[in-house]
1. Looking at A:Gln544, is it outside the structural domain of A:Val565 (by TED's automatic domain parsing), away from DNA strand C (no atom under 14 Å from the Cβ) and assigned to a helix (DSSP H, G or I)?
2. For the range A:198-253, name all the residues that are hydroxyl-bearing (Ser, Thr, Tyr) and more than 32 Å from the chain's Cα centre (by Cα).
3. Inspect the range A:241-249 for any residue being in a loop (DSSP other than H, G, I, E, B) and modelled with pLDDT of 95 or more and give the result as yes or no.
4. Among the numbered criteria (1) over 27 Å from A:Pro213 (Cβ atoms); (2) surrounded by 22 or more Cβ atoms within 10 Å (Cβ to Cβ), which one does A:Asn410 miss?
5. Only residues that are away from DNA strand B (no atom under 14 Å from the Cβ) and not in a loop (DSSP other than H, G, I, E, B): list them for the range A:397-420, please.
6. Do we have any residue at all in the range A:652-662 that's within 16 Å of DNA strand C (Cβ to nearest atom) and of a type in the set (D, E, K, R)?
7. Can you confirm whether the range A:598-612 contains a residue that is charged (D, E, K, R) and either within 13 Å of DNA strand C (Cβ to nearest atom) or assigned by TED's automatic domain parsing to the domain that holds A:Ala685 (or both)?
8. Please indicate, with yes or no, whether at least one residue in the range A:226-236 is away from DNA strand C (no atom under 14 Å from the Cβ), in contact (Cβ under 8 Å) with a residue 24 or more places away in the chain and assigned to a helix (DSSP H, G or I).
Amino acid sequence: IDGPMTASELRRSGILSSFTILRKLEGGILPLGFMKKVDDKKIKDGMNALIVEHSERALLNCLMNKLCKLDTDVLVGHNISGFDLDVLLHRSQACKVPSGVWSRIGRLKRSMMPKLTKGTTLYGSGASPGIMSCIAGRLLCDTYLCSRDLLKEASYSLTELSRTQLNKNREEIAPHDIPAKFQSSESLLQLIDCGETDAWLSLELMFHLSILPLTRQLTNISGNLWGKTMQGARAQRVEYLLLHAFHAKKYIVPDKSIGTSKSSIATKKRLASADVENRNDLHTDEHTEQVKSKKGPAYAGGLVLEPKKGLYDKFVLLLDFNSLYPSIIQEYNLCFTTIERSLDGLPSCLPSSTITGVLPELLKNLVERRKMVKSWLKTASGLKAQQFDIQQQALKLTANSLYGCLGFTNSRFYAKPIAELITSQGRDILQSTVDLVQNVLNLEVIYGDTDSIMIYSGLDDITKARIMAAKVIQEVNKKYRRLEIDLDGIYKRMLLLKKKKYAAVKVQFKDGKPYEVIERKGLDIVRRDWSLLAKESGEMCLCQILSGGSCDDVVETIHSYLMKVQQDMRNGEIELEKYVIRKTLTKSPEEYPDGRNQAHVQVALRMKQSGFSTGCSAGDTISYVICCVQGAISNSGGIAERARHPDELKTNNGNWIIDIEYYLSQQIHPVVSRLCAFIQGTDPARLADCLGLDASKFQHKTFESISNDPSSVLASVLDADDRYHGCEPLRLTCQSCSSSFDCPPILTFFSTSRDSTAMDFENNKETNNDFWRRFCCPRCPEDTEGSKITSAMIANQVKRQAENLISLYYKGIMICDDEMCKHTTRSLNLCVLGDSERGTVCPNYPQCNGHLRKQYTEAEVYKQLSYFCHIFDAKHCIEKLDSNRRVLFEKELKRIYPMINLAFATAQKIRDRCSYGWVQLNDLSVSV
DNA sequence: CCCCGGAGCGC
DNA sequence: AGGCGCTCCGGGG
């Protein structure tokens, strides 16, 4: 009870034993020779006690008597309060088990069976009050409910938890498969084994999570009932904590409001003081506040800073205030007993009282106790250390849950003004900390949420980063009495996508040795409402992005991974499990007003219809996959209509199949695109292309392509001169004399000598016209051997120069825009810091305040490639001419076309890839 | 296009 | 039966 213990320890020491009670199915018999098999097994494997009863009634009798004889203190089971107890008592009722027998399930003798049905199907509800009353005197430990409270998992089924927590496999048997298990001795023994294993797994889970020690500590701190703590009841724990605290100081506590009665509002929320001067009702705002329905928030919460998005590759410091809200309560002496009630609904002011309030003192006490326990923890070891650790956790949990209950409408100690004041102070503290760090210490704050700030150090040296952190901590902590900021982490690399969405490589130390851990916060890949397939793809991208590899490699790896995924999907090589999406029902499926549009509701309704009694009511998580009708051309109908439970798919003879297109476009693509939003060299259109989707649909999605998309309408109205200003000419080399010259745009050939249309070619117009007439090196004398320029040569040059340009782009050379600095670097990683407008902070920061700009931007590369197209775009030139001159040139064109067609096609092919996405290097090998 | 309900995160 | 802040999806008007 005091400390954690593994089930294997218990099993070894032989303290615990198990037994199974079995009965034959109604109208059936046990397999022939079953009893003999059991006896054999008992001798051979030491099989545990098996009791065989002839009827359900006898079985229940036997079990109840066993429980009574054992006089068990704790009943443990996975979803025992939502299923097992319910079944046992309902069947006892139906089988007319005498009251003297069924009441042995608890320690209170009863003569009448209470109402077992739940009043309302509550979200995450445990057993009904009627059932709970039956087990009076025993503790109930539902490992399902406790796991949901203590862990953050995608699924809380015993199977999943056994895997994730205990690293053990659990065999699942569907309810409708159970009768078949009674067919043979072997399968029946197997069924018995599964039943016993489940009992052990649940027990082991209880020990693994230290449920008994932790809830006992929590209960000791708050002074409520242990059984209630085990059922969750966080609000009730805080209620008892405060009841004891105020009672000890001889305050009269507020009445407990009775749930549904509206008239009780007038009498609740009162806190009269024993002190005459404080006898006013504090914080009764019933005249302004209606009974809050599940509408919007009642008051403002924490401050979340606008993140400076991007990928950071130098140390980022994460600082946060230790227990911000409990500290604020102490720092500003916030309590029912110290705050003046504002009558006009305006926010309350900070108290001026010099007498320490009840809440601050209570918290101070909790904090001091925790400090003490933690100091003992340092010198303790083994079981003692584990106990201290649990106690320390319990103290922290209690202190932290107080604030939440002040803002909880149905709490006996509901105090919106206090909760509001706490969060308001929190916002001020965070903002002034940011101001201090940014304006006084001159450091760059890139993000912060409620009680934390992240500082981009710009440093490569972790020791220097630590020194910087220490300096900040010192300066911030100067300002407060009880409030304390501390270093919570050092990130080597960090991808900051949105508010509450980021990932980072955290540097940690074990025995003085550093190691790295990837932290993921809020990203799609940590959410259970995305398919495993999408999350695995996202995970892969994230690891690449945070790997520190070169831009080319990362982009290349991601692209080829996606192509492989698409291929595997289309080949049916991905198992069904990876397509499963999970969503929790917050209500009974029938209660959804717009249930028709919600996939998980539709699936749950069908589950209920097909006879499932569990796993499809409020609080349960529903698994489903999105399907389409095999052979159907279009997928009309909403997503909800096409959602199926994985089992439905297995048994429907293949009419419904996985909707691959949905998973590519609505699962993998959005997840991956969001992660790659700041990665140069790829974009949503390019990623869509890898997944075999219509890339043009995603073209406008990147902010980058919006801000400088050269193919926008604006660019097309410019004259060629302006449009291609600054572009590099296409260089051609003569094979005879090895001299190189610029290939003039074909436009120059069509323009009359009077016009000065060409941009950089005015000085040698003769040569230009000459070139398009002769296709010869301008330097070599006429008819020189090998001075002819062939169509293949031109096309090759286009290809080669485009390749060079793109490779330069991929090298990602960055130049500082500060004239004094002009620092040039090749960004070895794909580091884009901060907002796109901000650009990248110069590595010389803070000596230099400049920003790195890309030597070649996507727009510039695109422009250059467009220029290459323009050089050979004869058709476009012709269209601009009047009819007289058109006739003149058409004859010439027939001669020229064969020369330029290949080059034009080559240039266009490369350019058009960019028009929706980015250049795929592999595709540059145009055959000539 | 905006707005809404629902879910599930972060703190 | 703890709080608010913030995406993100899908559907309807």
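1. yes
2. A:Thr219, A:Ser222, A:Tyr240, A:Tyr251
3. The answer is yes, given that some residue of the range A:241-249 is in a loop (DSSP other than H, G, I, E, B) and modelled with pLDDT of 95 or more.
4. Result: A:Asn410 passes all but (2).
5. A:Thr398, A:Ala399, A:Leu402, A:Cys405, A:Leu406, A:Lys416, A:Pro417, A:Ile418, A:Glu420, listed by residue number.
6. Yes; the residues of the range A:652-662 include at least one that is within 16 Å of DNA strand C (Cβ to nearest atom) and of a type in the set (D, E, K, R).
7. So far as the range A:598-612 goes, yes, one or more of its residues are charged (D, E, K, R) and either within 13 Å of DNA strand C (Cβ to nearest atom) or assigned by TED's automatic domain parsing to the domain that holds A:Ala685 (or both).
8. Checking the range A:226-236: not a single residue is away from DNA strand C (no atom under 14 Å from the Cβ), in contact (Cβ under 8 Å) with a residue 24 or more places away in the chain and assigned to a helix (DSSP H, G or I).
The values are calculated or read from the model by the stated rules, or taken from the named source; none is laboratory data. Quick caveat, the model's predicted, so the values are computed rather than measured. FYI the Cβ positions are ideal-geometry reconstructions off the backbone, even for glycines, and counts take in every protein chain you see.
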